[in-house]
Amino acid sequence: DTEMYSNTGGQASKATPAGAMAKFAEGGKQTAKKDLCRLAMTYKTVYVASICVHVNPQQAVRAMLEADAYPGPSLIVAYCPCISQGYPLAESIQHCQLAVDSGYWPLFRYNPDLVASGNNPFQLDSKKVKGDLFKLLAQENRFAAVMRRDPKHAQELDDKLKRSVMQSNQLMQVMDKEDLEGQFHKLVEGLSESGGTDLGSVTVLYGSESGNAEEQAKNLLHDIRARGLKGQVSALDDFEFNDLPGQKIVVLVVSTCGLGEFPQNCKNTWLKLQSQDLSMSWLNGVKFCVFGLGDSTYCQFCVAAESFDVRLGELGAERILKRGVGDDRDEDRYYTGWENWLPELWTALHVPQVPPVRAVPEPSYRVDASPGLASAPPVADDELSPPGATGLVLLKNMLLTPDAMAYDRDIRHYEFKIEGTSVSYKTGDSMAVWPRNPTDKAEAFCGMMGLDAGEQLRVVPLDGARNWCPEELSTRQLFTHVLDVFGKPNKKFFETLSLFAKDEHEKAALESIVASSDDGKKFYRDLVHDFASHADVLKRFPSARPPLMHLINMVPALKPRSYSIASSPLMHPDKIQLCVVQVDWTVPSSAEFRIGEATGYLKAQQPGAQVMCAVRQSAIVLPKHPTSPVIMAGMGTGVAPWRAMTQDRVVQKRRGMEVGPCLLFYGARYAQYEYLYQQEFEQYVAEGVLTMHTAFSRDQARKVYVQHRLVEAGPYVAELLLRQRGHFYVCGSARQVPEDIYAAMKRVVMASEKCGEDDAEAMLSSLKMEGRYTVEAWS
C-alpha cells in the first residue's frame, strides 16, 4: 500500500511534472485515495486480490495460486506496515490485524474466470468491520501529526474516513452475495441487509485456524444449496452476534488448536456467548448442530466444538443432531468423521442424501500435459517432497522377529540419519513417514485408466483444491508420490465417481451407496469387508473415468503414518530409531495377500534410501525431574517410546545423576520371538536403572496380559504413582489396550485407597489432567 509515495496516499500531488517532487499533505488529504483494486476490477478481465499475510496467510496463498492459474493479467495488492510511521517490526502483526478489523484494509479476491461457471467472481474474505479505526489512525505518525496540529480538522477527516470505510464495506458485502441483482435493489431501496432472516435458510458458521474447518464449512454450504435449501457461510466472528437468535438453523464447524485453544476467528463470539446478560431462552427457536475438528493426541480433543455445543444448548437452542467429530489421527484424517456425520445431517434437515440435480463439479485443478517418458520425469523422485517433510537417509533396516517362513509377524528396527539436517527430536516425540506407492502398481493403474505414465504434467490448484501437488511431475509420479489410489475410499468418492459413470447399471450401483439404500448398504459393506481401494473401485466401474483435473481432488493425498520414536536424543543425538510392525491382511473374496502402504514401503527400502519424514510432538508429558518415578506399559511395538524414556534414564545415571524408579510392563505373544530389545533391557536392569515385568500371553495355557501384571504389582505401582507423584504411561493398539489397562489401574487404585469405582475414576481423571496418566495409542 503506497500510502506515502504516490497520489494514492498522503501526498498532495505527484501526477504532473510540476508536482513530481514529494509534497506531503501535512494538513491531511481532502480527496479520497484512488482505489487501484476497484479500478482494475472495472475491466472485468483482471484477477484482483487484496491481501495481508500477517492476518490471513491462507487467503494470501490462495490468492497467489489463483492469480498464477488465471490466464489473463493479475493484480495482488498487499498491506505492509511502514516502520517510519511509528510501528516497530515486533508489532507488525497487531498493526495489520487492526488495519483489517477496522475495515481500513479489506481482504478480498476477484476472479473473472468464475463468471463462466455462473458463480460470483467476488469473494470478500474480511466480512465484518469490528475494529477501532481511530486507534489505528492515532498510532501512526502521518495521522497523529494532523491530530496534533488541528484536532478539530483531524476529527472531521476521521469521521469522513469512517463513513468511507463503512460505505465501502457495505458495497463489498453486496458484491459478495450470490443474488447480486436482488441485493443491489435492496441497497438502492435503502433496505437493511440484516433486517430480516430467511426462515428457510441454513447458516453455516466456522471457527478455523489452519483453513480446514473453513474449507469444510464452505463445501457444506455448496452441498446444502445443491439440496434445494438456501444458506450462507461466515466465520463466527464475522457474523453479526445479535443476529444469532433470528436464525432458523445454525451449523457450526469448529476446530480446536493444540492444547485446547479456540481458533482466532471465533474467540470474540465465544467470549460474547459467556455473557451473564444472555438469558437461558436467548436462542429459543434456533435449531443447531456442531461438528468439531481436532487431534485425539491431545487431552482437550475438540474442546472448542464441545464448548459451543453445550453453550448453545444452555441458551435455549434446540440440538437437532449429536455433535460430530473429525480426528486428524483417523485413517482419512477428519474426513473420516465428516463423511460419517454428513448423512445424519441430511436426515436431520429432511433433505435427500443425494442432490436432486447433480452435475460434474468445476475442476479444482488445471492440468496441462505434454509428452514424456516414465523413465525421465521432469523432476527427480527424491525432489518431490510433501509439505512439512524432510528427506532422511535410512541407515538400518533390521528384522527383529524370525523371517516370514518361520513366523507370521514382521517387526523391524529402522534407523535414520539426522546429522547434518535441520531435524531434531525430543524423547517422547513421534516421527511421521510419508509412504510411496510401488512403481509397478502405479504404472499398472495408469494402464487401467488409459493414462500415459510418462506424460509430463503441470498442475495448478484452483479454488476448492484439497490436496497438495507439485507443480511439475509425471503421471507416474502423481500416483507413486501424491495420490493415495491404493487407500480406502470414502462415500464422497463414490458420489463424485457416479457423475462420471457412462454405464447406467454402474451409475445406479454407485448412487445406491450414496443414497444408503438397502442394496447400497450391502454393497458398501462388501467393499469395506474386502478392504477395497480407490483402484479396486475404479477397476470395478470401468465406465467411470474421471479426468486428472478431477481425480486429483477426488482421491486424497498419501497420508503420513506416525510412529513413536524408539530412541533417546541423549543416547542417539545423530539418529532416529523406529520399531515398526508390518500391517498385512488377506482380501476375503480373492485370498490376495496385501501389505499396508507405509509398512510395506519401509520394508522395501534399503540402507542409503531417502525417506520423507517429519518429527511431531506427541501427547507424552515427561516428568520435570529425573527422580520422578515412571511406570510404563507397552504391548508389542508399543514398547518403542518407553525404550526411549529408559535410555534417557540410563544416560542420566551414567553421567552421575540421581534417577527415580523406572518400571516397564512389557507384553507380547511369545518370549522366544517377540521379546524386543531383550538384551538391551537386561543390560539396563543390570545397571540398576530398570525393573522389568513381562507378560507373554501364549507361553502358557492361561493367557497372561500386561493388565494382570499391573494388578499383581498393584501396591508398588500405587505407591509410586499416588504417593511419590510418579507418571504412568501406556502405549499399544487403540482397539482394546487403553480400556483394559485403564480397568486394571482402576482396580489398583481401588485396592490401594480402599475406595469405590467412582472415586477411583475421579483420581485417574485427575492424573490425566495433570499429565501424569498418558495414553499413546494407534488404530
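The values are calculated or read from the model by the stated rules, or taken from the named source; none is laboratory data. From a predicted model like this one, the values you see are computed outputs, not experimental measurements. Ideal geometry is used to build each Cβ from the backbone, glycine not excepted, and the neighbour counts take in all protein chains shown. Accessible surface is based on the protein model in full, side chains and every heavy atom, while ligands, DNA and RNA are left aside. Shrake-Rupley method; radii C 1.70, N 1.55, O 1.52, S 1.80 Å.
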For this session: Please give the per residue accessible area of the chain, computed with a probe of 1.4 Å over protein heavy atoms only, in Å².
Result: 47
For this session: Specify whether the C-alpha gyration tensor of the range 598-665 places it in the rounded, prolate or oblate class, a ≥ b ≥ c being the square roots of the eigenvalues: rounded for a/c under 1.5, otherwise prolate if a/b is larger than b/c and oblate if not.
Result: prolate
Exercise. To the nearest 0.05, what FRET efficiency results for LYS521 and ALA404 with a Förster distance of 25 Å applied to their C-beta separation?
Worked result: 0.10
Exercise. Kirkwood Rh, Cα Rg: Rg to Rh for the range 255-344?
Worked result: 1.00
Problem set entry | Where a label projected 7 Å from the Cα of THR390 along Cα→Cβ would reach, residues of the range 549-577 with amide N under 15 Å | 569, 573-577
For this session: Can you figure out the FRET efficiency of ILE595 with LYS272, using R₀ = 56 Å and their beta-carbon distance, to the nearest 0.05?
Result: 0.60
Exercise. Once you put a point 7 Å from the Cα of ASN284 and another 7 Å from the Cα of GLU318, both along the Cβ direction, what distance in nm separates them?
Worked result: 1.3
Seminar exercise, completed: Rounded to 0.05, the calculated FRET efficiency for the beta carbons of PHE531 and ARG358 at R₀ = 35 Å is 0.80
Exercise. Quick one: if you stick a label point 7 Å off each Cα along the C-beta vector at ALA671 and LYS703, how many nm between them?
Worked result: 2.0
For this session: Would you mind calculating the gained length between THR45 and LYS746 on full extension (0.36 nm times residue separation, minus the Cα-Cα distance), in nm to one decimal?
Result: 245.5 nm
Exercise. Considering only DSSP states other than H, G, I, E and B, which GluC sites (Glu not before Pro) in the range 611-687 qualify as loop sites with at most 15 other Cβ atoms within 10 Å?
Worked result: GLU658, GLU687
Exercise. Taking H as built 1.01 Å from N, whose amide H comes closer than 5 Å to the amide H of GLY667, not counting residues under 5 places away?
Worked result: GLY634, MET635, GLY636, ALA695
Exercise. Got a number for carbon plus sulfur as a percent of the chain's accessible area, 1.4 Å probe?
Worked result: 53
Exercise. What is the gain in length, in nm to one decimal, between LYS248 and VAL621 on full extension, counting 0.36 nm per residue of separation less the C-alpha to C-alpha distance?
Worked result: 129.9 nm
Exercise. More than 23 Å apart: what percent of Cα pairs in the range 608-709 qualify?
Worked result: 36
For this session: Could you pull out every residue, at least 5 positions away or on a different chain, whose amide H is within less than 5 Å of the one on LYS287? Hs are placed 1.01 Å off N in the peptide plane, and Pro or chain starts have none.
Result: ILE249, VAL250, GLU318
Exercise. Using Cα pairs under 8 angstrom and six or more residues apart, how large is the relative contact order of the chain, in percent?
Worked result: 8
Problem set entry | Computed [θ] at 222 nm, helices only, for the chain once each DSSP H run of length n ≥ 4 contributes -39500 (n - 2.57) | -10000 deg cm²/dmol
Problem set entry | Label-point separation in nm, GLN264 to ARG654, each point 7 Å along Cα→Cβ | 4.5
Exercise. At 25 °C and 0.890 mPa s, what whole-number value in µm²/s does Stokes-Einstein give for the translational diffusion of the range 492-622, with Rh from the Kirkwood sum over Cα pairs?
Worked result: 135
Exercise. Between LYS754 and SER370, 0.36 nm times their residue separation minus their Cα-Cα distance comes to what?
Worked result: 130.7 nm
Exercise. Given a cut-off of under 8 Å on Cα pairs at least six residues apart, what relative contact order in percent is computed for the range 363-492?
Worked result: 37
Exercise. Out of the range 284-323, which trypsin sites (Lys or Arg not before Pro) are coil in DSSP terms and have no more than 16 other C-beta atoms within 10 Å?
Worked result: LYS322
Seminar exercise, completed: Taking a ≥ b ≥ c as the square roots of the eigenvalues of the Cα gyration tensor, with a/c under 1.5 meaning rounded and otherwise prolate when a/b exceeds b/c and oblate if not, the range 633-677 is prolate
Exercise. Given charges of +1 on the Cβ of Lys and Arg and -1 on the Cβ of Asp and Glu, with all other atoms neutral, how large is the dipole of the chain about its Cα centre, in debye to the nearest 20?
Worked result: 900
Exercise. Once the mean 1/r over all distinct Cα pairs of the chain is inverted, what Kirkwood radius in angstroms do you read off?
Worked result: 30.0
For this session: Inverting the mean 1/r over all pairs of different Cα atoms, compute the Kirkwood radius of the range 410-460 and quote it in Å.
Result: 15.4
